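The values are calculated or read from the model by the stated rules, or taken from the named source; none is laboratory data. Treat the numbers as computed from the prediction; the structure is a model and nothing was measured. Glycine gets a Cβ as well: all are built from the backbone with ideal geometry, and neighbour counts include every protein chain shown. Each accessible area value is taken on the protein alone, full model and side chains, heavy atoms only, with ligands, DNA and RNA left out. Shrake-Rupley method; radii C 1.70, N 1.55, O 1.52, S 1.80 Å.
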2 protein chains.
Amino acid sequence: MKNFGIAFLAGISALSGVASNVTESGVENCINISTPATTNVPEAQFPRVDNEGRAYFRLYAPEAKDVKIDICGKKYNMTRDETGGWAGVTDPLVEGFHYYFLIVDGVSVTDPASETFYGCGRMSGGIEIPESAEKASYYNYNKDIPHGQVRECRYYSEIEGSQRRCYVYTPASYETDTDRRFPVLYLQHGMGEDERGWHQQGKMADILDNQIAEGKCEPMIVVMDYGNCGYIFGAKPGETREEFGASFTPILLEEIIPFIDSTFRTKTDRDNRAMAGLSWGGHETLETTLRNLDKFSSIGSFSGALFFLNNGLENAYDGVFRNADEFNSKVKIFFLGMGSEENFGSDKISEALTDAWINHVYYCSPGTHHEWLTWRRCLNEFIPLLFK
Amino acid sequence: MKNFGIAFLAGISALSGVASNVTESGVENCINISTPATTNVPEAQFPRVDNEGRAYFRLYAPEAKDVKIDICGKKYNMTRDETGGWAGVTDPLVEGFHYYFLIVDGVSVTDPASETFYGCGRMSGGIEIPESAEKASYYNYNKDIPHGQVRECRYYSEIEGSQRRCYVYTPASYETDTDRRFPVLYLQHGMGEDERGWHQQGKMADILDNQIAEGKCEPMIVVMDYGNCGYIFGAKPGETREEFGASFTPILLEEIIPFIDSTFRTKTDRDNRAMAGLSWGGHETLETTLRNLDKFSSIGSFSGALFFLNNGLENAYDGVFRNADEFNSKVKIFFLGMGSEENFGSDKISEALTDAWINHVYYCSPGTHHEWLTWRRCLNEFIPLLFK
């Protein structure tokens, strides 16, 4: 920190709102019926969540004229008390992880009491509205089971002329079974996110640790890299929408896969290599795998941003769907998932694939939107199918 | 992201300030003389830094009445243009990494264009004011050299009754020299920070990678855990200032070290175990090591928050300094560092130790404050001394 004085003042002005005495906002009695969100920074008592999924927020902002909560597509007014503390409460929210912002006099800011998560093209606040312990069991991190590691790795990209970063999950047995080689899943984030998303928002390590401990999925390495689509509605100058993020495919094929195969004890044949992605990462996954089936045997698209039906299934991806027998013999698992409450039409694509006799697995997450809980569930459904 | 509509609006409102046309703030011509800070989120063109260390900021905030930059102990007014974009520029800033905030109508917020860093007890904005390429060479990450990995690990703490997280740097040779065992440095952050600090703000992996590649330091494992002092001027109810963070020592000795020694290929004797920390982490380091010299052979305090001279050197740490011969035979490296512009008195402690014939190394970083550049330099001076 710069010096203690500054740090002290910054901390106090940002966080001491937790002690303010808001009496007209409906949150005055929330302490006894709610608990601090698991997504808070250490010791922060707000935001809090109650049993019905309402979230309670506070901010100390005596000079502000208007403060709102911006979460799940809705804005909620916060109320000022006489000391300058603001407080507000939401309607019951859908379970799972939600990005959120506070809007201070029109400026969308992160809540200083929240951890931050790269999403929406910026570091965003985030809050976990807990599911029941039973429903959340598959990503519960607090079980005394063997834990894998998530490793931040650097490699030099000739294509980009600079270092890149990826995260690599290795299962617990990677440390103990030191002669064993492992299959690899390449797992991509969505638009406005980056290589941190699957670990931090998606809880992928917890999902893998739990399934591996219970013998439900094969121990595997999972590689998460930056899909070059981390800015919002990105298309850089000179780039069309179709080209957005397309620069990732050659980096994956020519640089990331060779780096992973030379650094880790991987199985390097196509039978032991899968790729999946969410939203725009689903688009990237299909663009990459369906044109390179010599390199990938299993494919997952979770709420994929897929437009290929527009030109007819038979014309998509160099005609890969024209010969169902050939496709079905090559692709071991073709998985399409989505949330029941979103409009990313994996269901329509599934119908078209069924009509074309293309083998695939379709999964619909009940009650969830275009959000991380959908994708945690998709991953949880996808990985037990792999590398059998 | 929740849905594209929200994400889109959030992204635009936060970041489109980069396109605003501020003409009265002295920043209108900055584009040609400055470059985007390396600490920005992808594609963000502001903040920018010029050759003299001035930082240029922008924020789109049409409804705000007052916006300031808060950096390096000073506040700078930003200026509004007719579109609602605000812009401002700082004086030339000291080289290195600085936490910073924008103050919007009195509320201290993180700049949406900045990466965030856990410091000041919250997720903070940060900006790197670059040194010359020559001076920054020791933490330059863009060299084509073998890179170590930084691994996020989980372990169960019986003491706390929950999972904890640590980061473990393994050198590149850990992957290739698979029979080799390595010495271990335990490295602690400061008050208001956490186990991420040394990697993200401190660039420890880059410092280690560079020295190892040049043969300047022994390849070693570095463990970074949470020192239980991540809140500001923390003392929880019932905790005195002296006790602040003291709960970390038993966790380190009884849980972290056994976890590391059973998970990684470590050398487990005291000759191959060192500990260092910055600021409050320096305090924790001395409290831990000087009472447990059977477990540690080398010790580093970087701008340590050290108060032990108050009661006389001879009374400090159970009298460990009373017998210089014994101390000097046990402790291989006792390193004290600080910045020339700060008032954390490692220099005074060095004088007292010299008077008491206690062998130690004193390093003063020229021109730097109680900030991360001081600590990067301290680490760079400390590690070549270890494990010889």
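From the square roots a ≥ b ≥ c of the eigenvalues of the alpha-carbon gyration tensor of region A:45-165, which class results: rounded (a/c under 1.5), prolate (a/b over b/c), or oblate? In terms of gyration-tensor shape, oblate. Here A:Lys75 is the anchor, and the lysines within straight C-alpha reach of less than 25 Å, apart from those fewer than 8 places off in the same chain, are A:Lys65, B:Lys2, B:Lys65. Normalised by the number of residues in chain B, the average gap of Cα pairs under 8 Å and 6 or more apart makes the relative contact order 12 percent.
Rounded, prolate or oblate: which fits region B:114-160, taking a ≥ b ≥ c as square roots of the Cα gyration tensor eigenvalues, rounded meaning a/c under 1.5, else prolate when a/b beats b/c? Here region B:114-160 falls in the oblate category. For chain A, give me the percentage of DSSP beta bridges that are antiparallel, rounded to the nearest 5 percent. Counting only bridges with both partners in chain A, antiparallel ones make up about 65 percent. In the elastic network of chain A, a GNM with C-alpha springs shorter than 10 Å, the most mobile of A:Gln149, A:Gln201, A:Gln188 is A:Gln149.
Compared with the dominant principal axis of the Cα atoms in chain A, helix A:204-213 is inclined by about 60°.
The phi torsions of region B:163-179, fed into the Karplus equation with coefficients 6.51, -1.76 and 1.60 and a -60° offset, translate into couplings of 5, 10, 10, 9, 10, 10, 7, 10, x, 4, 6, 4, 7, 9, 9, 7, 9 Hz, rounded to whole numbers, with Gly and Pro shown as x. Since only B:Gly84, A:Tyr100, A:Pro366 are under comparison, the one whose Cα sits farthest along the positive direction of the charge dipole of the protein assembly as shown, derived from C-beta charges on Lys, Arg, Asp and Glu, is A:Pro366. Each residue of region A:248-261 was assigned a 3J(HN,Hα) from its phi angle through the Karplus expression (A = 6.51, B = -1.76, C = 1.60, θ = phi - 60°), giving 6, 4, x, 5, 4, 6, 8, 10, 5, 4, x, 4, 5, 5 Hz with x at Gly and Pro. Set against the 2.2 N^0.38 Å expectation for a compact globular protein, chain B has a Cα radius of gyration ratio of 1.06. Given their separation in residues at 0.36 nm each and the Cα-Cα distance between them, A:Glu134 and A:Leu309 gain 59.2 nm when the chain is fully extended. Shielding of peptide A:152-163 by partners, expressed as the average count of other chain Cβ atoms within 10 Å per residue Cβ, is 4.
Under 15 Å Cα-Cα from B:Lys267, which aspartates and glutamates qualify once same-chain neighbours fewer than 8 residues away are excluded? Straight-line reach from B:Lys267, under 15 Å: B:Asp177, B:Asp179, B:Glu218, B:Asp294. Taking amide H as placed 1.01 Å from N in the peptide plane, the amide H of B:Gly96 sits under 5 Å from that of B:Ile129, B:Glu131, each at least 5 places away or on another chain.
Quick check: from the Cα gyration tensor, does region B:188-266 come out rounded (a/c under 1.5), prolate or oblate? Note, shape of region B:188-266 comes out oblate. In nanometers and ordered shortest first, the copy-to-copy spacing of the B:Pro366 label point, defined 7 Å from Cα toward Cβ, is 7.0.
Computed 3J(HN,Hα) for region B:136-142, one whole-Hz value per residue from the Karplus formula 6.51 cos²θ - 1.76 cosθ + 1.60 where θ = phi - 60°, is 8, 4, 6, 10, 5, 8, 9, glycine and proline marked x. Projecting 7 Å from Cα along the Cα-to-Cβ direction, the label point of A:Pro258 sits 4.6 nm from its equivalents in the other copies, listed shortest first.
Pairs from the table (B:Lys236/B:Lys295; B:Lys203/B:Lys332; B:Lys332/B:Lys388; A:Lys135/A:Lys203; A:Lys203/A:Lys295) lying more than 19 angstrom apart at Cα are B:Lys236/B:Lys295; B:Lys203/B:Lys332; A:Lys203/A:Lys295.
Put simply, region A:158-232 fits an ellipsoid with semi-axes of 26, 16, 8 Å; these come from the alpha carbon gyration tensor as the roots of five times its eigenvalues, largest first.
Amide H to amide H, with H built 1.01 Å from N, A:Gly230 comes under 5 Å of A:Gly192, counting only residues 5 or more places away or on other chains. In debye to the nearest 20, how big a dipole does region A:192-276 give about its Cα centre with +1 on each Lys and Arg Cβ and -1 on each Asp and Glu Cβ? Magnitude of the dipole: close to 100 debye. Excluding A:Val41 itself, calculate the net charge of residues whose Cβ lies under 10 Å from the Cβ of A:Val41, where each Lys or Arg counts +1 and each Asp or Glu counts -1. Around A:Val41, the surrounding residues sum to -3. The rule of thumb for compact globular proteins, 2.2 N^0.38 Å, goes into the C-alpha radius of gyration of region B:41-108 1.09 times.
In the protein assembly as shown the Cα-Cα distances spread across 20 Å bins starting at 0 as 16, 49, 31, 3, 0 percent of all pairs. Ordered from highest to lowest accessible area with the whole protein assembly present and a 1.4 Å probe, A:Asp194, B:Asp144 read as B:Asp144, A:Asp194.
Here the sum of -39500 (n - 2.57) over DSSP H runs of 4 or more residues, divided by the residues of chain A, equals -5500 deg cm²/dmol at 222 nm, to the nearest 500.
Charges were assigned to the Cβ only: +1 to each Lys and Arg, -1 to each Asp and Glu. The resulting dipole of chain B about its Cα centre is roughly 440 debye.
Counting 0.36 nm for each residue step from A:Lys143 to A:Glu160 and taking away their Cα separation leaves a gain of 2.0 nm. Around the Cα centre of the protein assembly as shown, unit charges on the Cβ atoms of Lys, Arg, Asp and Glu (plus for the first two, minus for the last two) sum to a dipole of about 560 debye. Between the helical axis of A:372-382 and the longest alpha-carbon principal axis of chain A there is an angle of about 30 degrees. Count Lys and Arg as plus one, Asp and Glu as minus one, and take only other residues whose Cβ is under 12 Å from that of A:Lys295; the net charge is then -1. Would you work out the relative contact order for region B:169-283, in percent, from Cα pairs under 8 angstrom that are 6 or more residues apart? With pairs under 8 Å counted, the relative contact order is 42 percent.
Across region B:337-388, C-alpha contacts under 8 Å between residues 6 or more apart give a mean separation that, scaled by the residue count, equals a relative contact order of 43 percent.
Residues whose amide H lies under 5 Å from that of B:Ser124, counting only those 5 or more places away or on a different chain, are B:Phe117, B:Tyr118, B:Gly119; hydrogens are built 1.01 Å from N in the peptide plane.
Helix A:346-355 and the long axis of chain A differ in direction by around 20°, with both axes built from C-alpha atoms. Between this copy and the others, label points of A:Lys295 are 4.8 nm apart in ascending order, each placed 7 angstrom from Cα in the Cβ direction.
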